[in-house]
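Student: Please find one structure pasted underneath; my questions will follow.
The values are calculated or read from the model by the stated rules, or taken from the named source; none is laboratory data. All of these numbers come straight from a predicted model, not from anything done at the bench. Heads up, the Cβs are rebuilt from the backbone with ideal geometry, glycines too, and the neighbour counts pull from every protein chain shown. Just so you know, the surface numbers come from the protein's heavy atoms only, side chains and all, with ligands and any DNA or RNA stripped out. Shrake-Rupley method; radii C 1.70, N 1.55, O 1.52, S 1.80 Å.
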Amino acid sequence: METRDVPPQPARRNFLKKASAVFIGALTALVPALSGLMVFLDPLRRKSQDSDAVLIASLSALPEDGVPRKFSVIAGHNDAWNHMPRVPVGAVYLRRIGDKSVQAFNVICPHAGCFVDYLPAIKNYHCPCHNSSFALDGSIADPKSPSPRGLDELPVEIRNENEIWVKFQNFRAGVRERIPV
Ligand code: FES
């Protein structure tokens with residue numbers, strides 16, 4: 001039986017050539033565009049990997065008997081693309097609750113935003129603005145306190161055996177729920 005070679009159709013060949021050219025052209029444009037996008041989004045990626053915790057003090061700066069001490073929180077304001085110099089952003093009370101364990105409270109009163117004091121004589125925190133009082137563990141000590149919730153506790157991490165890092169956060173005042181602001 002006789003077979004005959006069928007010559008390729010010119011139209012089909014042209015179509016394949018054009019499709020390859022379009023594909024290669026698209027690939028050539030896409031690679032630099034994707035690289036640029038990755039560079040642009042890199043700060044976001046790095047920020048998500050960073051911890052927002054701030055180094056506040058060393059463990060040795062805290063009395064071992066659990067008496068709270070107040071510290072300023074000095075932090076750089078960072079967004080994804082800008083790094084601002086370190087400035088005071090608030091303050092916290094730190095107290096030892098164990099050998100390597102520390103409790104941190106935001107010093108801002110959850111009632112209306114005044115700074116609370118620690119009164120060593122009665123071992124309570126007290127807000128001078130409207131007389132809210134808080135126990136050492138941050139809970140409301142006097143039921144007549146107008147504060148809708150206890151002091152705002154903040155996450156603490158001990159790093160390198162002696163460094164106290166706090167994830168500092170402010171919360172909305174005047175409401176029962178802890179709503180970050
Ligand atoms: S602001 Fe603290 S009791 Fe009102």
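Student: Carbon and sulfur atoms: what percent of the 1.4 Å accessible area of region 55-181 do they account for?
Tutor: Percent of accessible area from carbon and sulfur atoms in region 55-181: 52.
Student: Right, another one. Quick check for you: with a 1.4 Å probe and neighbouring chains kept, what is the accessible area per residue of region 105-165, in Å²?
Tutor: Accessible area per residue: 50 Å².
Student: To make sure I understand the rule: partners must be lysines, Cα under 20 Å from the Cα of LYS167, and not fewer than 8 residues away in the same chain. Which ones qualify?
Tutor: LYS47, LYS70, LYS100
Student: Then there's this: Ranking request for peptides 15-21, 119-125: highest mean number of other beta-carbon atoms within 10 Å first, then the rest in descending order.
Tutor: Sorting 15-21, 119-125 by mean packing, highest first, produces 119-125, 15-21.
Student: Ranking request for peptides 169-179, 102-112: highest mean number of other beta-carbon atoms within 10 Å first, then the rest in descending order. If you can, show how the numbers build up before the last one.
Tutor: Numbers: 169-179: 12.6, 102-112: 21.6.
Per-residue mean Cβ counts within 10 Å order the peptides as 102-112, 169-179.
Student: How big is the Cα convex hull of region 78-179 in projection, averaged over all directions, in nm²?
Tutor: Spelled out: convex hull of the Cα atoms, projected over all directions, averaged, 8.1 nm².
Student: Within 10 Å, count the other beta carbons around each residue, average over each peptide in 126-138, 82-94, and list them highest first. Write out the running numbers ahead of the final one.
Tutor: Numbers: 126-138: 17.5, 82-94: 14.2.
Those peptides, ordered most packed to least, come out 126-138, 82-94.
Student: If you don't mind, another one. For ILE74 and VAL87 in the same chain, what is the full-extension length gain: residue separation times 0.36 nm, less their Cα-Cα distance, in nm?
Tutor: Extra length available between ILE74 and VAL87 comes to 4.2 nm.
Student: Name the residues whose placed amide hydrogens come within less than 5 Å of the amide hydrogen of GLU163, ignoring near sequence neighbours (fewer than 5 apart) on the same chain.
Tutor: For GLU163, whose amide H was placed from the backbone, the distant partners under 5 Å are LEU59.
Student: With θ set to phi - 60° and the Karplus curve 6.51 cos²θ - 1.76 cosθ + 1.60, what are the ³J(HN,Hα) couplings of region 158-166 in order, to the nearest whole Hz, using x for Gly and Pro?
Tutor: These are the phi-based 3J(HN,Hα) values: 9, 10, 6, 6, 9, 9, 9, 10, 10 Hz.
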